[in-house]
Amino acid sequence: MSAALPSPTRFGAAPPLRGVVRVPGDESISHRALMLSALAVGESRIEGLPESVDVLATAAAMRTLGADVVRDQDGTWRVHGVGVGGLLQPRTAVDVRGSETSARLLMGLLTSHPVTAAITGDAALSRQSMEDVIEPLSRMGADFTTSPGGRLPLMLRGACPAVPIEYRLPVASAGVKSAVLFAALNAPGIIRVIEPTPARDHSERMLRGFGADLVVEHVGGERIISLHGEAELRPQRIVVPGTPSLAALLVVAALIVPGSAVTIENVGLNPTRAGLFEVLRAMGADIRVTNQRDVAGEPVADLMACHSAMRGIEVPAEIAPSMIDEFPILFVAGAFAVGRTVTRGLHGLRSGHADRLAVMAEGLRAAGARVEEREDGLVVDGTGGDLLPGGATVATAPDHRLAMSFAVAGLRSRAPIGIDHMAPAAVGIPWLAEILTSLAGEKLRDEAA
C-alpha cells in the first residue's frame, strides 16, 4: 500500500492501528441540509459538509434555483434561503452530475413550484430510471418529459398549487419518500406517505428541525408520515455528522488487525443506518459508544473499536435495510471470524451500478477466503483471525464501497490485495490510504513505500 501515490492500488498487512480520527460528513444529510436551507427564510450555516462531487452538484443546483450558497475559507457553508415557494426559474439546465439523491429530491422540490426545468446528469446516472419518483410526483400535478425508460435528461414542469395526495410506497425508498415530502412543502393541505417497510428517515428528522409540521404515526405495522404544506422553514446551524459507511471501514479495520484501538469521532448513528454496528457486536466485536448527543435531529456519538476475536453468525434478514451499504465490509469482517457468517435477503445488492454480491464473492475468493454465493446473500467461512493469502487484484468497478472494503481486507493478507479499477475507487481510496497511514504510523509508510 502506498499513501504517497494519488491513487494507491495495493493494500497489504498493517501494524496495529491506533489513534483518534474523523470521517467525512454524511452525504445523505448534506444534500438535505443544502436544499432545506435554500427554502428557509434567512441564513443557515452548515459545518462539516463533505465537498464531494455529488454534494457540490447539489450546492450548484440550489444556486441555479436562486439561493445564495457561499463557502467560507474555514469550510463553513452559508446559505441564504429564498423561502418555500421562492425557487426561481433556472436559466440553464440543472446538472446533478452523478447524484441520484440530488435528482430525486430536486424533482420533488420543483414539483410544487411554477417553473420549468431541465434536469441532467452524467452517463452513469442517466442509465437509472426515475419512474418510481415520477409516478407520485405526476399525481401531484407535475408534468415530465423524459428520455426513454424514464431516464435523465428530463424536463419537469411544476404545478402550483400542487395536488395533496396520500401515497403508499410500493417498496421502501428514502429517495421516493423524500421527493414526495419535499414536494409537499409548497402544496396546500396535508400530504401523507405510507411506509409498509421503514426506510431511512433523514428527511423527516431534518424537516422537523427546520420547523415543518410533520407527524409520524405507527398504525397496523405501517409508518404513516403526514406533512402540512405551505410550510415556513426556519434557518438552522447544522454540523453534519460523519457518515457511518466510512466509519464502518475503520471500525472493521481495527477489529481485524491485532493490537488496534481506533476512536472515530462524530459518527451519525441514525437507527436506519447503524445496523452494522449492532451485527458486529453480536459477533463479539468490542465497539464502545461515548459522547452520545443529538445534532439537528440526528443521533451522533464517538465510536471506539478494538481488535476482537469475532465469531460468525446468521444475520437477521430484517436488519438489512439499516445496513444495506455496509454489507461489503461485513463480508470482510466475516472472512476473519471464527466459523460461518450467513446473510440473507440481499436481493437489492444485485441491482444498481454493480452486482455487489457477485463482485464481493469473486474478489474474496480470489484473496483466499471461503465464500458461497447464494441468490440472496453470501455465506462466508472465516479464518478464525488468521491472515488471508491475498495476492489478488480484484475488480470493483464501478463501486467505490467495494474497492474500500477490499482495501481493508488487504490489511490482514499475506500478500497485498490490489484494486484494479481506480475511476470509482478514486472517490475514497486516497482518503482511506491517508487515514490508515495516520493510524498505523511511520512503520506502515515505510512498508508501503
Worksheet item: Rounded, prolate or oblate: which one fits the chain, using the alpha carbon gyration tensor with axes a ≥ b ≥ c (rounded when a/c is under 1.5, else prolate when a/b beats b/c, else oblate)?
Response: prolate
Item to complete: Please work out the Cα center distance from segment 272-306 to segment 100-176, rounded to the nearest Å.
Response: 34
Worksheet item: Between Rg and the Kirkwood Rh of segment 27-238, both from Cα atoms, what is the Rg to Rh ratio?
Response: 0.94
Practice prompt. Using only Cα positions of segment 35-92, each an equal point scatterer, no hydration layer, compute I(q)/I(0) via Debye at q = 0.17, 0.29 Å⁻¹ and quote the log10 values to two decimals.
Written response: -0.50, -1.24
Worksheet entry | Most positive-pole-ward Cα, ASN291, THR393, TYR167, against dipole of the chain from beta carbon charges | THR393
Worksheet entry | Exposure proxy ranking, count of Cβ atoms within 10 Å, fewest first, for THR393, THR343, THR145 | THR145, THR393, THR343
Item to complete: Rounded to the nearest 10 degrees, what's the angle between the helix 400-410 long axis and the longest principal axis of the chain, both from Cα atoms, 0 to 90?
Response: 20
Worksheet item: What residue among PRO148, PRO299, PRO196 shows peak mean-square fluctuation when the chain is described by a Gaussian network model with Cα springs under 10 Å?
Response: PRO148
Fill in: Cβ charges +1 (Lys, Arg) and -1 (Asp, Glu), total dipole of the chain, debye
240
Fill in: log10 of Debye I(q)/I(0), alpha-carbon scatterers only, for segment 51-170 at 0.09, 0.11 Å⁻¹
-0.25, -0.37
Worksheet, complete the sentence: When MET360, MET310 are arranged by how many other beta-carbons sit within 10 Å of their Cβ, fewest first, they go MET310, MET360
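Where a number appears in this text, it was derived from the coordinates with a stated rule and is not lab data. Given the structure is predicted, the values throughout are model-derived calculations rather than measurements. Please note: Cβ atoms are built from the backbone with ideal geometry, for glycine as well, and neighbour counts cover all protein chains shown.
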